[in-house]
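J.: Pasting a structure here, questions to come.
The values are calculated or read from the model by the stated rules, or taken from the named source; none is laboratory data. Being a predicted model, the structure only gives us computed values, none of them experimental. Backbone-built Cβ (ideal geometry, glycine too); neighbour counts: all protein chains shown. These area figures cover heavy atoms from the full protein model, side chains too; ligands, DNA and RNA do not enter into them. Shrake-Rupley method; radii C 1.70, N 1.55, O 1.52, S 1.80 Å.
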Amino acid sequence: MTLARTLDRLALYLSIPLFLALWQLVSSAGLVNARLFPAPTVVAVDLWHSALSGVLFVDLGMSCTRVVIGYAAGAGAGIAIGVLTGRYALIGNLFTPVFQLLRPIPPIAFVPIVILWFGLSELGKWFLVFWGVFFTVWIATHLAVQRVDDMLIRAARCLGTPDHRLIREVVLPGAMPVIFVGLRTAVSISFYTLVAAELAGTFAGLAYRIDIAHQNMQIGQMMGGLVMLGVMSALADRGFGMLSRRLVWWA
Amino acid sequence: MLSLVRPAKPGSVSAQPTAPTPRRGHVVIDRLRVSFGAGDQARVAIDDLSLDVPPGEFVCILGPSGCGKSTVLNAIAGFMSPGSGRLAVDGEPVAKPGADRGMVFQQPTLFPWKTVLENIAFGPLMSGRAWADAESTARSFMGMVGLLGFEKHYPAQLSGGMQQRVGIARALANHPRVLLMDEPFGALDAQTRAMMQEALLGIWNEFHTTVLFVTHDIDEAVFLGDRVVVMSASPGRILADIRGELPRPRVPDIAFTPEFIRIKKQCFDLIRTESLRAFEQQTQGRGA
C-alpha cells in the first residue's frame, strides 16, 4: 500500500526528467535528424549562450511586459463590463450579441489590421493580448454574475443593503470563484496571443526570437524559445492557481 | 437540563439594550391576494388572506407544502408585490426589502466569504454604523446564540445547526420590528431542531420581537407559537387561527400536557383534510 503510494509520488517527480531523457535518447541515438531535432543538451547550451549575451533576458522582459499589460487591461475591462452585462439586462442585451460575434475571432486573424492601425508599436501587441484576455474574462464574469445565488442577494437586501452596495458586497464576491476560473484560463490565452502579437513585427521577445532563429536555421534557439514559452506560461498558471486558492478559498 | 442559550456573562450580553420594546412590530396583512403567472397559466397562490399580528407576538403559520406559507413571508419581506391587498408593519406599507424586517431562511444563506462575526455585523454595517459599533453588536448577539469563540470561523466550518444560529443572530442584529422565519429548522435533524427551538424561545424571551414562523411541522408550531395560523392548500387561505393556553416559558415536557395535545389534534385534523384535498387537486390536475 505504502509502496504503491511512494511510486505514485515518484511518478510525479520523474515525469519531466523521464520526458527529457526520452527526448535525449531519440535525438542522440540517431533515430531522427539531430540537426532538425536537437537533443535537450544542445538546446540547453543554446539557451545558456543567449542568457550570457543578455538577449534571453531582453526577450523575457519584453514578452512579460506585453503579457502583463495586455492581461491587466483585458482582465480589468472584462470584469467591469462583465459585472454590468451580467447584472443589468439592458446593458447585457445591448452588448452580448456584439461580444458573442467578436469573441470567436482568433486574435491572430487581427494581426494584419493591427499592424495597419498601430504600426510596429507596443500598443499593437498590448491590444492583441488584451483582445484575447478580455472576452475570456468577460464571458466568465457575465455568467458568474448571473448565477450568483439569488438567496444570498435576498439575504443581503433583507439586512438593509442599499442597492448601490449590493454589487461590491455580494454580487462580486459571490461571482469571484467563477471569475477566477476565467482569469486563470486567460493566463494561458495571454501567452497564445503573445505569439501572434510578436509575429506581427517587433524587435525583441520570445516568439520573435523563435521566428528569427527559424530564418537563421538555429534549431536549438528555436526549441529554446519554445521551452521558455512553456516554462513561463506554466509558471504563470501555477502561480495564479496558488493565488486563487488564497483569494477565493471558500469555493 | 442543558441550557442552549449560554448564561449571560455580565457586561457582555447584557451590555446590549435588551429592554423589550413590544410596541414595535405590528404586522397587518389585509385581504392579500397573490397569483403567479399570467393569462391561462395564472395560479392563485394566496387568496383573500388577512392577519393582524400585535407587537411582540409569536405567530406560527402552519400548512401543507405548497400552500403559499412562504409566499406570505416573501410578501411581507418585500420580495414581491401583492396582486391586491395591503401589507403594513407599524402602519408603514411594505414596498421593498428592508432592515426593519429580518428574515431567516430554510438554508442559512450565510456569506461564505465572511467570518461568523462579519456575517452578523453585516446588517448593522449596511445601516451605516461604524465597524467598531457593528462588531460589538455582533459579539453580543453571538453570545446570545451561544457562539462565542467562533468569531473567526467561516460558515463552512460550522454544523448546520450552528450556521442557522448565525442566521438568526444576523437577522436580529438589525433589531428588526419583525422576524420572518421560513422553515428555519426544516433542514436540521430532529435533535438539533428541538434544541434550536428552545434556543430560539430563549432569545425571543429577551427581545419579544414579533415573529412570523412558517413551518409544516405541527409540534413545532404548537410548541413555539402564541398563535397557530393554519392555512389551506392552494389557494392559500386561513382555515383556523388557534390561540392556545400554553404557559411560557415553554419546556419540552409541555408536549405531554392535555392543552398541547388538544391544539395539536385540532391542527392535525385540519392539515390532514387539507393535505388530502391538495393531493386530490394535484392528481385531478394530472388526469385532466
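J.: Keeping to region B:236-288, report how many residues are farther than 28 Å from B:Ile203 by Cα, polar (S, T, N, Q) and open to solvent by less than 70 Å² (accessible area, probe 1.4 Å).
T.: 2
J.: Taking region B:175-187 on its own, how many of its residues are within 13 Å of another protein chain (Cβ to nearest Cβ) and either touching a Leu at 6+ places or on another chain (Cβ under 6 Å) or crowded, with 24+ Cβ neighbours inside 10 Å (or both)?
T.: The qualifying residues number 7.
Residues are listed down the side, and each one gets a yes or a no for (1) within 30 Å of B:Ala169 (Cα to Cα); (2) open to solvent by less than 40 Å² (accessible area, probe 1.4 Å); (3) within 13 Å of another protein chain (Cβ to nearest Cβ); (4) not small (Gly, Ala, Ser):
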residue: A:Ala109; (1), (2), (3), (4): no, no, no, no
residue: A:Pro112; (1), (2), (3), (4): no, no, no, yes
residue: A:Val137; (1), (2), (3), (4): no, yes, no, yes
residue: A:Ala140; (1), (2), (3), (4): no, yes, no, no
residue: A:Arg154; (1), (2), (3), (4): yes, no, yes, yes
residue: A:Val181; (1), (2), (3), (4): no, no, no, yes
residue: A:Thr202; (1), (2), (3), (4): no, yes, no, yes
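J.: Let me ask something else about it. So if I check each of A:Arg87, A:Arg66, which one is farther than 23 Å from A:Leu172 by Cβ and either in contact (Cβ under 8 Å) with a residue 40 or more places away in the chain or touching a Lys or Arg at 6+ places or on another chain (Cβ under 9 Å) (or both)? Before the answer, list the steps.
T.: Working: A:Arg87 fails: farther than 23 Å from A:Leu172 by Cβ.
The conditions single out A:Arg66.
J.: Please go through region A:48-83 and pick out each residue that is open to solvent by 70 Å² or more (accessible area, probe 1.4 Å), within 24 Å of the chain's Cα centre (by Cα) and of a type in the set (A, V, I, L, M).
T.: Result: A:Val58, A:Val68.
J.: Mind listing whichever residues of region A:131-144 are at pLDDT 95 or above, more than 16 Å from A:Val171 (Cβ to Cβ) and in contact with a Phe, Trp or Tyr (Cβ under 8 Å, 6 or more places away or on another chain)?
T.: A:Val133, A:Phe135, A:Ile139
J.: Right, here's the next one. I'm told A:Asp150 meets every condition in (1) closer than 30 Å to B:Phe105 by Cα; (2) at pLDDT below 95; (3) surrounded by 16 or more Cβ atoms within 10 Å (Cβ to Cβ) except one. Can you identify the failing condition by its number?
T.: (3)
Here is a yes/no grid of residues against (1) at pLDDT below 95; (2) within 16 Å of A:Ala156 (Cβ to Cβ):
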position: B:Met103; (1), (2): no, yes
position: B:Leu110; (1), (2): no, yes
position: B:Lys114; (1), (2): no, yes
position: B:Leu117; (1), (2): no, no
position: B:Phe122; (1), (2): no, yes
position: B:Gly143; (1), (2): yes, no
position: B:Val166; (1), (2): no, yes
position: B:Met196; (1), (2): yes, no
position: B:Val211; (1), (2): no, no
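J.: Need the failing condition index for A:Glu122 against (1) closer than 26 Å to A:Arg168 by Cα; (2) in contact with a Lys or Arg (Cβ under 8 Å, 6 or more places away or on another chain); (3) open to solvent by 40 Å² or more (accessible area, probe 1.4 Å); (4) not β-branched (Val, Ile, Thr), just the number.
T.: All conditions pass for A:Glu122, except number (1).
J.: Quick check on my filter: what residues within region B:45-69 are on the phi < 0 side of the Ramachandran plot and over 17 Å from the mean Cα position of the chain (by Cα)?
T.: B:Ala45, B:Ile46, B:Asp47, B:Leu49, B:Ser50
J.: Looking for something of a type in the set (Ser, Thr, Tyr) and touching a strand residue (DSSP E or B) at 6+ places or on another chain (Cβ under 7 Å) - is there at least one such residue anywhere in region B:230-239? First the steps, then the outcome.
T.: Taking region B:230-239 as the starting set, the residues that turn out to be of a type in the set (Ser, Thr, Tyr) are B:232, B:234.
Checking which are touching a strand residue (DSSP E or B) at 6+ places or on another chain (Cβ under 7 Å) leaves us with B:232, B:234.
Within region B:230-239, one or more residues are of a type in the set (Ser, Thr, Tyr) and touching a strand residue (DSSP E or B) at 6+ places or on another chain (Cβ under 7 Å).
J.: Separate question: Which of the residues spanning region A:205-227 are over 15 Å from A:Asp46 (Cα atoms) and open to solvent by 10 Å² or more (accessible area, probe 1.4 Å)?
T.: Correct list: A:Tyr208, A:Asp211, A:Gln215.
J.: Can I ask one more? Restricting attention to region A:242-251, which residues are away from chain B (no Cβ under 14 Å) and loosely packed, with under 13 Cβ neighbours inside 10 Å?
T.: If we filter region A:242-251 for residues that are away from chain B (no Cβ under 14 Å), which is where we start, we get A:242-243.
Hit for region A:242-251 is A:Met242, nothing else.
J.: Somewhere in region B:59-68, is a residue outside any helix (DSSP H, G or I) and surrounded by fewer than 19 Cβ atoms within 10 Å (Cβ to Cβ)? Give the steps one after another, and end with the answer.
T.: Quick first cut of region B:59-68, residues outside any helix (DSSP H, G or I) only: B:59-68.
In the following step, the residues that additionally are surrounded by fewer than 19 Cβ atoms within 10 Å (Cβ to Cβ) were identified as B:65-66.
The answer is yes; a qualifying residue exists.
J.: Okay, next question. Which of the residues belonging to region B:88-105 are farther than 22 Å from A:Glu169 by Cα and either within 14 Å of chain A (Cβ to nearest Cβ) or in contact (Cβ under 8 Å) with a residue 60 or more places away in the chain (or both)?
T.: B:Ala88, B:Val89, B:Asp90, B:Gly91, B:Val94, B:Ala95
J.: Any residue at all in region B:147-161 that is under 16 Å from B:Phe207 (Cα atoms) and in contact (Cβ under 8 Å) with a residue 12 or more places away in the chain? Write out each step before concluding.
T.: Keep residues of region B:147-161 that are under 16 Å from B:Phe207 (Cα atoms), which gives none.
No, the conditions are met nowhere in region B:147-161.
J.: Within region B:24-43, does at least one residue satisfy the condition of being at pLDDT below 90, surrounded by fewer than 19 Cβ atoms within 10 Å (Cβ to Cβ), among the acidic types (Asp, Glu) and not in a strand (DSSP E or B)?
T.: Checked region B:24-43: at least one residue is at pLDDT below 90, surrounded by fewer than 19 Cβ atoms within 10 Å (Cβ to Cβ), among the acidic types (Asp, Glu) and not in a strand (DSSP E or B).
J.: Here's a follow-up. Sort out which residues of region A:84-107 are in a helix (DSSP H, G or I), of a type in the set (Val, Ile, Thr) and open to solvent by less than 70 Å² (accessible area, probe 1.4 Å), and write them in order of number.
T.: In the first step, residues of region A:84-107 are kept if they are in a helix (DSSP H, G or I); the result is A:84-87, A:89-102, A:107.
Keeping just the survivors that are of a type in the set (Val, Ile, Thr) gives A:85, A:91, A:96, A:98.
Correct list: A:Thr85, A:Ile91, A:Thr96.
J.: Restricting attention to helices (runs of 4 or more DSSP H) lying wholly within region B:116-175, give those where 1 or more residues are touching a Lys or Arg at 6+ places or on another chain (Cβ under 7 Å), of a type in the set (S, T, N, Q) and within 21 Å of A:His164 (Cα to Cα).
T.: On the way: elements: B:116-126, B:131-144, B:160-172.
Counting at least 1 such residues, we get B:116-126.
J.: Could I ask something else about it? Could you grab the pairs with beta carbons closer than 7 Å, sequence gap of 6+ or different chains, first residue in region A:204-221 and under 14 Å from A:Val58 (Cα atoms), second one assigned to a loop (DSSP other than H, G, I, E, B) and not aliphatic (A, V, I, L, M)?
T.: Pairs found: A:Tyr208/A:Thr202.
J.: Looking only at residues that are open to solvent by less than 20 Å² (accessible area, probe 1.4 Å) and touching a residue at least 40 places away in the same chain (Cβ under 8 Å) in region B:111-127, which one is farthest from the other protein chains (Cβ to nearest Cβ)?
T.: Among those that are open to solvent by less than 20 Å² (accessible area, probe 1.4 Å) and touching a residue at least 40 places away in the same chain (Cβ under 8 Å), it is B:Val116.
J.: Give just the number: which of (1) within 28 Å of A:Thr193 (Cβ to Cβ); (2) open to solvent by less than 20 Å² (accessible area, probe 1.4 Å) does A:Ala39 not satisfy?
T.: Going through the list (1) within 28 Å of A:Thr193 (Cβ to Cβ); (2) open to solvent by less than 20 Å² (accessible area, probe 1.4 Å), A:Ala39 breaks only (1).
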